[in-house]
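Remarks on the structure that follows.
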Amino acid sequence: MESSVEHLPSSLPVDNPTTPFWRTELHELDEHRSSPELPHKSDIVIIGAGHAGVSIAYHLLKSDKDAEGEPKSSITILEARQVCSGATGRNGGHLRPDLYGRIPKYMKRHGVEAAAEVGNFEVAHIQAFNKLISEENIDCDLVITRSMNVYLNADEANQARETYESLAAQGLSFTDDIQYTSGKLAEAASGIKDAKACLSCTAGSLWPYKLVTSLLTKVLETGAVNLQTLTPVTSVTSEAPDSHRVHTPRGSIRTKKVVYATNAYTFGLLPEYRESIVPCRGICCHIALPEGQEPPSVSYTYILGTEDRNGSSYLISRPDRTIIVGGAQKSFKGFRNQWYNVVDDSTLIEPARSYYDGYMQRTFRGWDTTDAHVKEIWTGIMGYSYDSLPHVSDIPGRPGQYICGGFDGHGMPIIFLAARGLAQMIRMGKKFEEVNLPRLYKSTAERLRAAQNGKEGGDILA
Ligand SMILES: Cc1cc2nc3c(=O)[nH]c(=O)nc-3n(C[C@H](O)[C@H](O)[C@H](O)COP(=O)(O)OP(=O)(O)OC[C@H]3O[C@@H](n4cnc5c(N)ncnc54)[C@H](O)[C@@H]3O)c2cc1C
């Protein structure tokens, strides 16, 4: 069985991306190569050194301890650009379970039990990060707080209440943590001008680049992992379920197992995912005050709707009191060529360029008289999913190959524990059903077919 997949020219990350705030302090591993040449062979090859690729390597090494008696695996990570230069290094730093948007949608489509698995899995990330950071002594500015979903439109505020009540009526454990506030109290509780209602739950914020580079440091210290940055994978060929060759412009590596942690760029190596995981460009920025001005404190993280219900923004406040905010769909959603099926993060989304000028003054109580301004602005490429769900499992029809991607612009409360489940499958030969992953994450031939044969864009363009 010899199969070959040639990469499509436009499927690789571009080599001159915009610079996000998170990458203004680069780590010594940023362009690291563990050896001058690629290893000739490796038990496992992971493609992509973002949150997913590095977390999988971390958990593979952890599960080495559980696979006692078996020889340790050699692992190679191949990264097209620098470490954490994809979506993870350009995101909003928001670690927030999405309980009111996605879970009701999954409930309607797949039933309460399957949706609850996803809700519990996302919620579990708050404690998982807390534990990881203290166990591994990682400094990544993790702050655990509450996230406010703020509704400025009265109808939307009512719908939020109905959603909350119907979730609570199911008796799901995570709904105990959700608080609904409306009327005059909403503005006071959230600090947002003209808020009609807000829903809050426990969430966090962090510096994703610092998290990933710290984890990578731990992983490389074991000596079991070879990292090769600036090494794009152009194709993967397979001769047998445990024999694959991963090709790059610097040569190829023979391996038993291939893991695609390529998120938005997956379609270039796995064309059957072209409709399932679509690269979509997003925009994000860093807002600061001139030196000497003290910003009013912002204690929560936010999802902020608009009065006309046209998109939302995600926002976190950093420990230094500067702000990271992104979204701005309202300004560009109608210009499909600016964001849909776009892998170019070297330019901004033009209609969104000035969306966040004056945003804090317009939106937050107490910021009117400040000189808060956009300090850095950048774009990043998300892997939007046709059915809003990630793909985390073995790949249908490609034995010995695995995928962890399609996070739909929402990877932070999914990836770390998804990587743990996938690592157990890869390292210990467990089945998907044995590793405690939400059943809806499985990448199946049916899901791929539904995206190939369904309405263009599915949930992404709905
Ligand atoms: C602007 C923006 C804001 C976001 N905000 C949030 C947020 O606040 N909260 C949240 O939960 N999520 C957010 N997300 C989504 C989140 O960042 C992603 O879900 C997550 O980072 C995906 O991690 P990943 O490792 O799968 O992908 P990535 O970080 O994109 O990593 C994939 C890596 O694979 C490499 N690669 C691709 N193709 C190849 C190849 N052929 N050969 C070698 N290497 C290759 C890429 O260079 C990249 O480094 C945001 C995303 C963006 C873009």
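Of the residues that make up segment 272-283, is at least one of a type outside the set (D, E, K, R) and part of a helix (DSSP H, G or I)? Yes, some residue in segment 272-283 is of a type outside the set (D, E, K, R) and part of a helix (DSSP H, G or I). For segment 178-218, a tally of residues being farther than 22 Å from L95 by Cα, free of Cβ contacts under 8 Å to residues at least 40 places away in the same chain and either touching a Phe, Trp or Tyr at 6+ places or on another chain (Cβ under 6 Å) or among the basic types (K, R) (or both) returns 1. No other residue among A445, A419 is over 17 Å from V123 (Cα atoms), touching a residue at least 12 places away in the same chain (Cβ under 8 Å) and not aromatic (F, W, Y) apart from A445. Would you check which residues across segment 182-208 are assigned to a strand (DSSP E or B) and open to solvent by 20 Å² or more (accessible area, probe 1.4 Å) and list them? Correct list: S182, T202. Within 14 Å of the ligand (Cβ to nearest atom), on the phi < 0 side of the Ramachandran plot, open to solvent by 10 Å² or more (accessible area, probe 1.4 Å) and in contact with a Leu (Cβ under 9 Å, 6 or more places away or on another chain): does that describe V343? Answer is yes for this residue. Summed over segment 216-261, the residues that are part of a loop (DSSP other than H, G, I, E, B) and either open to solvent by less than 20 Å² (accessible area, probe 1.4 Å) or acidic (D, E) (or both) give a count of 5. Restricting S35, S73, S85 to residues that are among the hydroxyl-bearing types (S, T, Y), near the ligand (Cβ under 10 Å from one of its atoms) and within 25 Å of S235 (Cα to Cα) narrows the list to S85.
If we keep just the residues of segment 10-32 that are modelled with pLDDT under 95 and not charged (D, E, K, R), which is nearest to the ligand (Cβ to nearest atom)? Looking at the filtered set, the residue picked out is S11. Does V392 satisfy the condition of being among the aliphatic types (A, V, I, L, M), more than 23 Å from the chain's Cα centre (by Cα) and modelled with pLDDT of 95 or more? So V392 does not fit the description; no.
As a summary of the residue check, F129 satisfies the conditions (1) in contact with a helix residue (DSSP H, G or I) (Cβ under 8 Å, 6 or more places away or on another chain); (2) part of a strand (DSSP E or B); (3) surrounded by 19 or more Cβ atoms within 10 Å (Cβ to Cβ) except for the one numbered (2). The criterion of at least 2 residues that are of a type outside the set (K, R) and more than 16 Å from the ligand (Cβ to nearest atom) is met by the following strands (runs of 3 or more DSSP E) wholly inside segment 353-462: 398-405.
The values are calculated or read from the model by the stated rules, or taken from the named source; none is laboratory data. Quantities reported herein were computed from a predicted structural model and do not represent experimental measurements. In this analysis, Cβ positions are derived from the backbone assuming ideal geometry, glycine residues included, and neighbour counts consider all displayed protein chains. The protein model used for the area step is the full one, side chains on, heavy atoms only, and it has no ligands, DNA or RNA in it. Shrake-Rupley method; radii C 1.70, N 1.55, O 1.52, S 1.80 Å.
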